[in-house]
């Protein structure tokens with residue numbers, strides 16, 4: 001999944017040691033979407049290497065690729081949004097439609113030559129200069 005928005009807050013980095021003794025790092029951010037009704041979304045980047053590969057700064061527009069995961073702990077559910085890639089700017093292709101392929105017109109038989117039809121000249125009803133001047137419109 002992806003979301004686009006502006007980074008409005010960089011949270012303090014969290015560090016710890018896992019059960020197996022390996023150290024870990026977690027960097028949190030708050031993003032505000034670029035919609036008519038903006039939403040604030042908290043997301044995290046887990047792992048020192050991934051944090052270095054995906055730097056973010058306040059007021060930067062980014063596209064965040066993420067996974068959502070929910071876990072249960074002591075009867076309560078917790079949901080986290082874990083980013084696995086952060087790209088600078090709006091890189092989504094929403095709104096960009098592929099160009100339509102041109103459609104070839106079917107071959108038509110040539111029309112027989114005929115004398116042009118003479119009729120009244122077409123008059124644009126919205127052209128004031130084409131009228132006879134008897135209009136009662138104020139403009």
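Readers should treat all values here as calculations from the given coordinates under stated rules, not as data from a laboratory. Remember, it's a predicted structure, so these values are computed and weren't measured experimentally. Glycine gets a Cβ as well: all are built from the backbone with ideal geometry, and neighbour counts include every protein chain shown.
Observations on the structure shown:
- Calculated SAXS-style log₁₀ I(q)/I(0) at q = 0.14 Å⁻¹ - segment 2-88, Debye, Cα scatterers: -0.52
- Multiplying the residue separation of residue 63 and residue 13 by 0.36 nm and subtracting their alpha-carbon distance yields 15.9 nm.
- In nm, spacing of pseudo-spin labels at residue 40 and residue 84 (7 Å Cα→C-beta vector): 2.8 nm
- Taking every DSSP bridge with both residues inside segment 2-88, close to 95 percent are antiparallel.
- Sorted largest first, the principal axis extents computed over the alpha-carbon atoms of segment 1-51 equal 46, 22, 16 Å.
- Theoretical FRET efficiency, 1/(1+(r/R0)^6), r = Cβ-Cβ of residue 50 and residue 72, R0 30 Å, to 0.05: 0.75
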